[in-house]
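For reference, the structure discussed in these notes is given below.
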Amino acid sequence: MSVYVDAMFSTEGYHSKTWLYKEACHLLADTEEELVEFAIGIGLKPEWLQHGHCIHFDLTKNKRMQAVKAGAIEVTSGELVAWMRKKREEQKKDKTK
């Protein structure tokens, strides 16, 4: 199971009724099942799962530290973008089979 977490970033200027923190990061995994299982293990609720370019959870600084302690692999934003591109390409290939 591979779960990834990127660096904290500022959410200043990002307006959301649900995200009230000044910083955030993303928690991702190789599969949605792995992601949800890991997230539950660190106290996140499955309904907090985010959809969009890539399925993920948004994390606070404390949850990020908890995720790393639980085994999440720290990646840079560049590594995360490359990983997301690879996942999208794999999904496209799977759809054409």
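Structure above, values below:
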quantity	calculated
Summed residue charge, Cβ within 10 Å of LYS22's Cβ, Lys/Arg positive, Asp/Glu negative	-1
For the chain, calculated [θ]222 nm from helices alone, where every DSSP H run of n ≥ 4 adds -39500 (n - 2.57)	-12500 deg cm²/dmol
Under DSSP loop assignment and at most 16 Cβ neighbours within 10 Å, longest chymotrypsin sites (Phe, Trp or Tyr not before Pro)-free interval of the chain	22-97
Sum of side-chain charges, SER10 neighbourhood, beta-carbon under 9 Å (Lys, Arg +1; Asp, Glu -1)	-1
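Every number in this text was worked out from the coordinates using simple rules, so none of it is lab data. Only a predicted model underlies this, so the values are computations on that prediction, with no experimental measurement involved. Backbone-built Cβ (ideal geometry, glycine too); neighbour counts: all protein chains shown.
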